[in-house]
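One structure is given below, encoded as structure tokens.
The values are calculated or read from the model by the stated rules, or taken from the named source; none is laboratory data. The structure displayed is predicted, hence computed values, not measured ones. Using ideal geometry, Cβ is built from the backbone for each residue, glycine included, and neighbour counts are taken over all protein chains shown.
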Amino acid sequence: MNISFFVGVISIMVVFLYGCIGEIITEKSGHLNLGTPGVMCFGATGAVVGARIFINITGGPDAVRDGAGSPVLGIFLLVLFCLIFAGIAGLLYCFLVDTLRCNQNATGLVITTLGVGIYKFIGSILCPQVDRHGFTAIGRRFFSSPLPVDFRNSNWFTQLFLSYSTLVYIAIIIAIIVFIIIKKTRIGLNLRAVGENPGTSDASGVNVTRYKYVATIVGSLITGLGGLYYLFDYNTGSMEYSLEGLGWIAVALVIFSIWNTGLAVFGSFVFAFFYQLPTPLSNIIKNEAISPLVSTLPYLITILVLITISIFNKKETQPPSALGLTYFREDR
Amino acid sequence: MADKVAREKFIRISRRTDVKLWQRIVIIGASILFAFLLIGLISNIAAPGSFLRFYEYMFKGTFSTPRIFMTLLWNVGLMLLVAVALAPAFKMRFWNIGAEGQCLMGALGAVIGLYFIAPHVPTFLALIIEFLLAILFAAVWAAIPAIFKAFLNTNETLFTLMMNYMATGIVASFIIFNQTPGRSGTIDPLNSATKAGWMPQIQFFHNSYVYNIIIIALVAVVIWGYLRFSKHGYELSVVGGSQNTARYVGINVKKVIIRTIVLSGVVCGVVGFLLVAGGSHTISASIVSGRGFTAILVCWAGNFNVPMMLFYSFLITFVSSGSSTASSALPYSDAISEVATAVFFIIIIASTFFVNFNVHIPWLKKLIDKIKDLFKKKEKEAAQ
């Protein structure tokens with residue numbers, strides 16, 4: 001295991017981190033959004049749509065490959081459409097769960113099916129063949145390039161901590177900001193109250209529906225960025241449809257980080273470590289049957305965490321107590 | 001201001017309990033029609049002008065020959081059986097999201113029987129052993145989260161969800177460990193020369209799924225009766241209604257939780273057994289192919305009621321395999337079947353709102369009243 005292994009771990013960890021932060025915000029409001037993998041796919045779909053629009057504006061894939069088109073416009077379009085799509089997914093979830101009072105599990109699973117389907121469907125229409133449409137040029141030029149800082153002498157420190165693209169650092173900044181908002185501000189307090197006991201929050205004058213809507217949509221926006229990051233940064237724009245599994249890891253990660261975005265940074269590193277482990281491990285142990293078992297380790301750890309928090313039953317480490325329950329004011 | 005009037009709400013929603021059967025049928029029928037229309041429109045957007053042809057291909061892919069129709073029935077049966085497995089758990093408000101993993105573990109049990117035992121014993125015995133192994137594996141897999149739920153109140157939704165991926169990993173590892181020599185990561189159908197441990201097949205319209213469908217029907221009827229008429233079925237619905245109530249009337253809640261989920265696992269085990277012994281005679285990590293998740297939607301939409309679940313299983317299998325056939329003739333990808341499934345369920349799930357709730361729109365009512373008044377005035381004027 002060398003530095004490049006850990007660089008790979010940190011690169012993939014960011015996908016989990018975006019998904020996890022988004023889902024933590026959502027779950028804090030009492031919504032167990034099992035649609036997280038779908039929302040991620042929605043984000044990626046949005047990015048694909050944005051990329052296609054950018055390419056059409058700039059005048060074809062070849063022009064983009066040759067360096068035409070302003071990076072600001074490109075990044076703006078991709079991020080904008082990514083956020084719009086992810087936001088729509090979050091809005092749909094909220095509308096079904098809050099306004100139409102559907103079951104959260106069923107709704108979440110439907111959003112996942114829809115997201116995965118739409119991602120493949122629109123992806124295959126807008127980009128039928130790998131990189132015929134200059135997506136990799138967009139990925140390479142605008143997203144996966146490292147920070148524009150020139151290090152005279154690159155050593156292990158710069159490689160391990162400073163060699164990533166902007167979205168990696170943004171994820172960590174978002175994690176810290178969300179941590180502070182949830183733990184230290186009035187908005188965060190109200191949000192947690194809504195997730196713990198919507199009835200009481202409602203009685204004390206908090207607009208429960210608004211909190212749930214805003215939290216879920218903001219959460220979905222962040223989750224969607226994970227999809228954009230995976231497709232155009234981690235994968236440098238070559239179409240790849242295996243986002244769903246990464247989304248489920250993000251859902252598991254929420255439990256591992258006991259609903260705390262600060263811990264999520266550490267947790268996503270641990271999960272990414274096990275996610276990447278089979279590759280170097282296969283060089284040491286010459287048995288292929290081991291690697292699927294190793295890749296279940298994140299889930300096993302999650303189960304152990306789930307059991308542990310239910311044994312100790314400490315208030316601070318529990319899931320939000322109204323998690324998964326639909327709130328209807330007139331039900332008493 | 002002292003004379004501030006309480007602001008009337010823009011829209012008000014109240015729970016309704018007086019839905020008549022015909023109203024329910026109208027709501028469900030309308031939403032199904034709407035869902036089908038929407039799916040056709042999606043197809044039309046992706047391939048302009050394909051609106052009507054899409055439905056034509058849908059029917060072609062599901063009803064055109066007896067053989068295709070029997071395959072449809074087999075898929076309907078599998079979907080129904082997974083949904084039936086989930087019904088007792090859901091009725092108890094135990095959110096078992098782990099049917100995918102439980103079926104997969106059942107399939108693993110059946111494959112172990114098929115691989116290691118079937119070549120050495122008569123087929124009848126082999127089938128029984130496979131069956132028992134399948135339901136044992138699946139029941140244990142379901143029991144683990146249930147025990148933790150019963151004793152420690154561990155969140156079962158997340159626990160069962162994780163168990164799915166554990167199962168996938170274990171099965172993937174098993175496959176690589178026992179892969180057919182020369183193949184990477186697959187096991188060829190086992191015992192295909194001797195057919196040892198295979199479900200007996202009778203030919204019916206060129207189709208070999210007849211016994212499977214009979215078994216599915218039997219299990220579905222048994223579970224339907226269990227939920228509807230047995231004391232166990234009553235107990236689990238009380239636990240689902242309120243655990244405290246159940247405790248006060250002397251129901252052992254822990255026992256009921258574990259018993260019900262083990263039953264849920266056993267039925268998932270039957271699915272695994274049928275997939276292996278009556279279907280592919282081998283295993284792959286994707287053998288359940290998402291039925292565990294879709295069945296959750298079927299079960300929810302069918303309101304834990306077996307005949308309704310059969311209805312939805314049929315519709316959703318028709319939608320997904322029909323649209324999949326359409327995609328092979330029309331210029332878009334196979335993913336339309338996932339999109340169609342999701343759109344279908346979104347509409348169905350959303351429509352339950354109109355079954356369970358009344359919508360009051362005060363301003364609209366006022367508006368209608370005003371218009372009515374206007375008409376009455378005019379009528380009076382005309383009469384005068």
Inset, instruction - Kindly establish whether B:Ile144 is surrounded by fewer than 22 Cβ atoms within 10 Å (Cβ to Cβ), closer than 17 Å to B:Gly269 by Cα and either within 14 Å of chain A (Cβ to nearest Cβ) or of a type outside the set (A, V, I, L, M) (or both). - result: yes
Legend entry - Cross-chain or 6+ apart pairs with Cβ under 8 Å, the range B:173-194 first and more than 12 Å from chain A (Cβ to nearest Cβ) and assigned to a loop (DSSP other than H, G, I, E, B), then small (Gly, Ala, Ser) and surrounded by fewer than 16 Cβ atoms within 10 Å (Cβ to Cβ): B:Pro189/B:Ser280
Legend entry - Unmet criterion (only one of (1) under 18 Å from the mean Cα position of the chain (by Cα); (2) of a type in the set (Val, Ile, Thr); (3) not in a helix (DSSP H, G or I)) for A:Val206: (1)
Inset, instruction - Search the range B:266-292 for residues being under 22 Å from B:Ala146 (Cβ atoms) and within 13 Å of another protein chain (Cβ to nearest Cβ), and hand back the single one that is surrounded by the fewest Cβ atoms within 10 Å (Cβ to Cβ). - result: B:Arg291
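Condition first: surrounded by 14 or more Cβ atoms within 10 Å (Cβ to Cβ) and either modelled with pLDDT of 90 or more or assigned to a helix (DSSP H, G or I) (or both). Can you find one or more residues in the range B:372-383 that meet it?
no
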Legend entry - Of all residues in the range A:322-331 being within 11 Å of chain B (Cβ to nearest Cβ) and either surrounded by fewer than 12 Cβ atoms within 10 Å (Cβ to Cβ) or of a type in the set (Phe, Trp, Tyr) (or both), the one that is nearest to the chain's Cα centre (by Cα): A:Phe328
Legend entry - A:Leu300 being at the interface with chain B (Cβ under 8 Å from one of its Cβ atoms), surrounded by fewer than 19 Cβ atoms within 10 Å (Cβ to Cβ), without any contact (Cβ under 8 Å) to a residue 60 or more places away in the chain and not small (Gly, Ala, Ser): yes
Inset, instruction - Just one of (1) modelled with pLDDT under 90; (2) out of contact with any Pro (no Cβ under 6 Å at 6 or more places or on another chain) trips up B:Ala217, so point out which. - result: (1)
Inset, instruction - Could you list all residues from the range B:99-128 that are farther than 20 Å from B:Ile257 by Cβ, within 14 Å of chain A (Cβ to nearest Cβ) and not aliphatic (A, V, I, L, M)? - result: B:Glu100
Legend entry - Whichever residue in the range A:303-321 is assigned to a loop (DSSP other than H, G, I, E, B), more than 9 Å from chain B (Cβ to nearest Cβ) and in contact (Cβ under 8 Å) with a residue 40 or more places away in the chain and, among such residues, is farthest from B:Arg93 (Cα to Cα): A:Pro320
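Filter the range B:64-83 down to the residues that are among the hydrophobic types (A, V, I, L, M, F, W, C) and either at pLDDT 90 or above or surrounded by 21 or more Cβ atoms within 10 Å (Cβ to Cβ) (or both) and list them by number. Please lay out each step first, then the result.
We begin by selecting, within the range B:64-83, every residue among the hydrophobic types (A, V, I, L, M, F, W, C); these are B:68-70, B:72-74, B:76, B:78-83.
Scanning the range B:64-83 gives B:Leu72, B:Leu73, B:Trp74, B:Val76, B:Leu78, B:Met79, B:Leu80, B:Leu81, B:Val82, B:Ala83.
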Legend entry - Verdict on B:Leu41 being within 26 Å of B:Ser313 (Cα to Cα), loosely packed, with under 13 Cβ neighbours inside 10 Å, away from chain A (no Cβ under 12 Å) and among the aliphatic types (A, V, I, L, M): no
Legend entry - Test set (1) within 14 Å of chain B (Cβ to nearest Cβ); (2) among the hydrophobic types (A, V, I, L, M, F, W, C); (3) out of contact with any Pro (no Cβ under 7 Å at 6 or more places or on another chain); (4) not in a helix (DSSP H, G or I) - A:Val251 fails condition number: (4)
Inset, instruction - Return yes or no: is B:Phe131 among the aromatic types (Phe, Trp, Tyr), touching a helix residue (DSSP H, G or I) at 6+ places or on another chain (Cβ under 9 Å) and away from every other protein chain (no Cβ under 14 Å)? - result: yes
Inset, instruction - Looking only at the range B:347-366, decide whether some residue is over 30 Å from B:Ala220 (Cα atoms), of a type in the set (D, E, K, R) and surrounded by 12 or more Cβ atoms within 10 Å (Cβ to Cβ). - result: no
Inset, instruction - Name the one entry in A:Thr296, A:Thr236, A:Thr223 that is farther than 25 Å from A:Leu78 by Cα and of a type in the set (Ser, Thr, Tyr). - result: A:Thr296
Inset, instruction - Could you tell me which numbered condition B:Val359 fails, if it satisfies all but one of (1) of a type in the set (Val, Ile, Thr); (2) in a helix (DSSP H, G or I); (3) within 23 Å of B:Lys20 (Cβ to Cβ)? - result: (2)
Inset, instruction - Quick one: B:Leu315 ticks every box in (1) aliphatic (A, V, I, L, M); (2) within 14 Å of another protein chain (Cβ to nearest Cβ); (3) under 23 Å from A:Leu92 (Cβ atoms) except a single one, so which number is it? - result: (2)
Inset, instruction - May I ask you to list the residues in the range B:293-312 that are crowded, with 24+ Cβ neighbours inside 10 Å and closer than 20 Å to B:Ile213 by Cβ? - result: B:Thr294, B:Ala295, B:Val298, B:Cys299, B:Met309, B:Tyr312
Legend entry - Matching residues, the range A:81-120, being under 29 Å from B:Phe354 (Cβ atoms), within 7 Å of chain B (Cβ to nearest Cβ) and in a helix (DSSP H, G or I): A:Leu96, A:Asn105, A:Ala106, A:Thr107, A:Leu109, A:Val110, A:Thr113, A:Leu114, A:Val116, A:Gly117, A:Ile118
Legend entry - Residue within the range B:91-101 that is surrounded by fewer than 24 Cβ atoms within 10 Å (Cβ to Cβ) and either without any contact (Cβ under 8 Å) to a residue 60 or more places away in the chain or not in a loop (DSSP other than H, G, I, E, B) (or both) present: yes
